[in-house]
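Engineer: For reference, the structure I am asking about is given below.
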Amino acid sequence: MSCCGISHAYVIFGATGNLAANKLLPALYQLHCMGHMAEDVEILGCGRTPFTQETWQIEVRKQFVESGIAEDASLDSFIQRLDYLSGSLKEAAFYQSLGDWIGNDGECANNVVFYLSVSPELYVTVTEGLAAAQLLEESHGWRRMVIEKPFGHDLESARELQHSLSDQLKEEQIYRIDHYVGKEAVQNLLVLRFANLILEPLWNRYHIDHIQITHAETVGVDGRASYYDNSGGAVRDMIQSHLLQVMALLAMEPPVSMEAEALRNEKVKVLQSIRPVNLEQLATHAIRGQYAAGEVKGVAVPGYLQEEGVAAGSHTESYAAMKLYIDNWRWKDVPFYLRTGKRLQERRSMVAVRFKQPPMQLFQGSGIYQPHPNWLLIGIQPEDAVRMEISAKVPGLEMHTRQIVMDASVSTPGERKAEAYEELLLDVIKGDRSLFLRYDEVKAAWTVVDPVMQRWSEDEQLPLQYPAGGWGPKAAEKIFGDSDRAWRHSLSCNGKGSE
Ligand code: BG6
């Protein structure tokens, strides 16, 4: 057995919230089904809702059945692992009861994962509560704390949070999770780059024209307005964390090994080398938008400002695009365009790498109307695909050319893709922190986005409005200046949107 033989307990703070219901519990269920959990592993849900063990078990079963997870023997045995402790995370009595639960559970609970799936304002409260009850001490087993993003809401608050956490926890106990890094297709970026040699000679400023990283969603704030409108916005919610991580994986140098510190050392170097965004010309370097009412996949949807829980006249952006440069030997002057938005036309996350044109257009007079650059397209979701667009001769007597696609599907039919949280929850048990963020990475990422957010917060104008169901504000094209670049919206040759 691998780590599945390790006895431990998962303690989930915020067990009745969206994240626990939609991601954490389903991921733990999969680990249970795949035999990655020792027999005595228990999962304790903590929250204010006054469930008992029995009523929580009923509730989770109901959620699983509604979301299509089959009701079978494995579900029965999984449900048996669940226990519940209700109480206020702000009161010492709660941590005493938690201590009793842990203490009474014998060997299994000597190793405990505390998962903070609560509002970020509670991170320090919970950590201090656990510390005061001596539940973070590792005298009889390990104690690990998983911290969801956002880690702070800007550079200053991230620094304060880090300071407070490190008063109570050793760095080895802290797992700053970024679920995007756990996605199969995102991990595949490392494999593509470092298990093959063919890309490496081309992977630099001499051959690459620019790189686009897109995360597009069709959903709106999705019942999370109170978080999104106050502490989110597209830059904080997606770019500061997920998209900058993807950028770091694309741009980093080969690590000396796949060991956590080696990997994180290389990522942080990229983040620290990002050139400060040009605030004097912000409109062509960072663009923000907010969805107006429209139609997504044929369904009429309200605008951001009409969503329940969004403050009247809110300036929170639901779309953001940024042009970033990495000032290092490999990438100097190659633009990286990052964009993300809610209520866009399609749910799609992808990386598009455009290569430079050949030095001479030898086929210009023979039927090529417009030279097509080569593209490497990497689909993250919904499809995880790798495609290369190249020019080839059209069969026939004339020397006409067209674009063809070399398509490498990453998964074969029938192969199960692991959900990001499955991998990451397992890594916590193994003590493998390579896919978790180190504080210096988080800090470097805030350093990149903070000045932009600060400048936007001083702007009295609403973000650019874009109709729901489109591809964001028209002005997002301004980010390309007068170059011949344009956003790629799809992985297919014919579905390039504006190109
Ligand atoms: C979360 C953001 O971190 O990532 C959400 O808070 C976003 O707003 C989500 O929708 C996107 O990730 P995924 O894996 O659901 O595509």
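The values are calculated or read from the model by the stated rules, or taken from the named source; none is laboratory data. None of the values given here were measured: they were computed from a predicted structure. All Cβ positions, glycine included, derive from the backbone under ideal geometry; neighbour counts span all protein chains shown. With ligands, DNA and RNA removed, areas are computed over all heavy atoms of the protein, side chains included. Shrake-Rupley method; radii C 1.70, N 1.55, O 1.52, S 1.80 Å.
Engineer: Go through 147, 95, 80 and say which Cα lies farthest out towards the positive end of the charge dipole of region 9-148; charges sit on Cβ, +1 for Lys and Arg, -1 for Asp and Glu.
Structural biologist: 147
Engineer: Can you list residues whose amide H is under 5 Å from residue 143's amide H, if they're 5+ apart or on another chain and H is modeled 1.01 Å from N?
Structural biologist: Long-range HN contacts for residue 143: 112.
Engineer: Round to the nearest 10 and report in Å² the accessible area of residue 154, as given by a 1.4 Å probe over the protein chains' heavy atoms.
Structural biologist: About 40 Å², rounded to the nearest 10.
Engineer: Give me the percent of accessible area attributable to carbon and sulfur for the chain, probe 1.4 angstrom. Kindly include the intermediate steps, with their values, before the conclusion.
Structural biologist: Details: 11320 of 21940 Å².
For the chain, the apolar C and S fraction of the accessible surface comes to 52 percent.
Engineer: For region 216-230, just list the computed ³J(HN,Hα) in residue order, Karplus coefficients 6.51, -1.76 and 1.60, θ = phi - 60°, integers in Hz, with x standing in for Gly and Pro.
Structural biologist: Going residue by residue, I get 10, 10, 9, 6, x, 6, 6, x, 10, 4, 5, 6, 5, 6, 8 Hz, with x marking Gly and Pro.
Engineer: Right, next: In Å and on Cα atoms, what radius of gyration and Dmax does the chain show?
Structural biologist: 24.1, 84
Engineer: Given a cut-off of under 8 Å on Cα pairs at least six residues apart, what relative contact order in percent is computed for the chain? Kindly include the intermediate steps, with their values, before the conclusion.
Structural biologist: Numbers: 899 pairs, mean separation 83.8, N = 499.
Worked out over the chain, it gives 17 percent.
Engineer: Do any trypsin sites (Lys or Arg not before Pro) in region 191-281 lie in a DSSP loop with no more than 16 other beta carbon atoms within 10 Å, and if so, which?
Structural biologist: Values: sites: 193, 205, 224, 236, 264, 267, 269; in loops: 205, 224.
Those that pass, being in a loop and sparsely packed, are 205.
Engineer: For residue 269, go through the lysines and keep the ones whose alpha-carbon is under 19 Å away, minus same-chain ones fewer than eight residues off.
Structural biologist: 323, 332, 443
Engineer: Report P(r) for region 9-148: all Cα-Cα distances, bin width 10 Å, range 0 to the bin holding the largest distance, values in whole percent.
Structural biologist: Answer for region 9-148: a P(r) of 12, 45, 35, 8, 0 percent.
Engineer: I've got another one for you. Taking N as the number of residues in region 86-201, what is its alpha-carbon radius of gyration divided by 2.2 N^0.38 Å?
Structural biologist: Values: Rg = 17.9 Å, N = 116, 2.2 N^0.38 = 13.4 Å.
Relative to the rule-of-thumb radius for its length, region 86-201 sits at 1.34.
Engineer: Another question, if that's okay. Taking amide H atoms as placed 1.01 Å from N in the peptide plane, list the residues 5 or more away in sequence, or in a different chain, whose amide H sits under 5 Å from that of residue 292.
Structural biologist: Hits under the 5 Å cutoff: 304, 466, 468.
Engineer: So with the 1.4 Å probe, I'd like the accessible area per residue for the chain, rounded to whole Å².
Structural biologist: Numbers: 21940 Å² over 499 residues.
Here the residues of the chain average 44 Å² of exposed surface.
Engineer: Can you give the Kirkwood hydrodynamic radius for region 236-291, in Å, rounded to one decimal and based on Cα pairs?
Structural biologist: On the way: mean 1/r = 0.0768 Å⁻¹.
Radius from the Kirkwood sum: 13.0 Å.
Engineer: Largest first and to the nearest Å, give the Cα extent of region 365-499 along each principal axis.
Structural biologist: Projected onto its principal axes, the Cα set of region 365-499 covers 61, 49, 29 Å.
Engineer: By how many degrees, 0 to 90 and rounded to 10, does the Cα axis of helix 123-132 deviate from the longest principal axis of the chain?
Structural biologist: So the inclination is approximately 30 degrees.
Engineer: Using only the alpha carbons, work out the radius of gyration and Dmax of region 152-246 in angstrom.
Structural biologist: 17.6, 48
Engineer: How tilted is helix 53-66 with respect to the longest principal axis of the chain? Cα atoms for both, answer in degrees (0 to 90, nearest 10).
Structural biologist: Approximately 20 degrees, to the nearest ten.
Engineer: Quick check: the angle from helix 184-194's long axis to the longest principal axis of the chain, C-alpha only, nearest 10 degrees?
Structural biologist: The angle comes out near 60 degrees.
Engineer: Same structure, new question: Under the rule that an exposed site lies in a DSSP loop and has at most 12 other Cβ atoms within 10 Å, name the longest stretch of the chain with no chymotrypsin sites (Phe, Trp or Tyr not before Pro) of that kind, not counting the sites themselves. Each step should come with its number before you reach the end.
Structural biologist: Details: sites that count: 206, 329, 369.
Between the exposed loop sites, the longest stretch runs 1-205.
Engineer: In sequence order, what are the phi-derived ³J(HN,Hα) couplings for region 384-397 according to the Karplus relation 6.51 cos²θ - 1.76 cosθ + 1.60 with θ = phi - 60°, rounded to whole Hz, with x for glycine and proline?
Structural biologist: Running phi through 6.51 cos²θ - 1.76 cosθ + 1.60 with θ = phi - 60° gives 9, 10, 10, 10, 10, 9, 9, 8, 9, 6, 7, x, x, 6 Hz.
Engineer: Something else: Starting at the first residue of region 436-452, write each ³J(HN,Hα) from the Karplus equation 6.51 cos²θ - 1.76 cosθ + 1.60 with θ = phi - 60°, in whole Hz, x for Gly and Pro.
Structural biologist: Each residue's phi maps through the Karplus curve to give 9, 8, 8, 4, 5, 5, 4, 5, 5, 5, 5, 4, 6, 8, 3, x, 5 Hz.
Engineer: Based on the Cβ-Cβ distance from residue 159 to residue 478, what FRET efficiency comes out when R0 is 41 Å, to the nearest 0.05?
Structural biologist: Values: r = 33 Å, r/R0 = 0.82.
Working from the Cβ atoms, E equals 0.75.
Engineer: Under the rule of -39500 (n - 2.57) per DSSP H run of 4 or more residues, summed and divided by the residues of the chain, what mean residue ellipticity at 222 nm is obtained, to the nearest 500 deg cm²/dmol? Let's see the in-between values first.
Structural biologist: Details: 12 runs with 135 residues, N = 499.
That calculation yields -8000 deg cm²/dmol at 222 nm.
Engineer: Considering all alpha-carbon pairs of region 286-425, what whole percent are spaced by more than 18 angstrom?
Structural biologist: On the way: 7217 of 9730 pairs.
For region 286-425, the fraction of Cα-Cα distances above 18 Å is 74 percent.
Engineer: While we're looking at this one, here's another question. Which value, in debye to the nearest 20, gives the size of the charge dipole of the chain about its Cα centre, when Lys and Arg are +1 and Asp and Glu are -1 at the Cβ? Let's see the in-between values first.
Structural biologist: Details: 48 positive and 66 negative charges, 396 e Å.
With only Lys, Arg, Asp and Glu charged at Cβ, the dipole is about 1900 debye.
Engineer: What do you reckon, how do 493, 33, 46 stack up by accessible area (1.4 Å probe), largest on top?
Structural biologist: On the way: 493 35, 33 60, 46 0 Å².
Solvent-accessible surface, decreasing: 33, 493, 46.
Engineer: Identify the GluC sites (Glu not before Pro) of region 391-448 meeting these criteria: DSSP loop state and at most 14 other C-beta atoms within 10 Å of the C-beta. Show your work: numbers first, answer last.
Structural biologist: On the way: sites: 398, 415, 419, 422, 423, 441; in loops: 398, 415, 419.
Sparse-neighbourhood loop GluC sites (Glu not before Pro): 398, 415.
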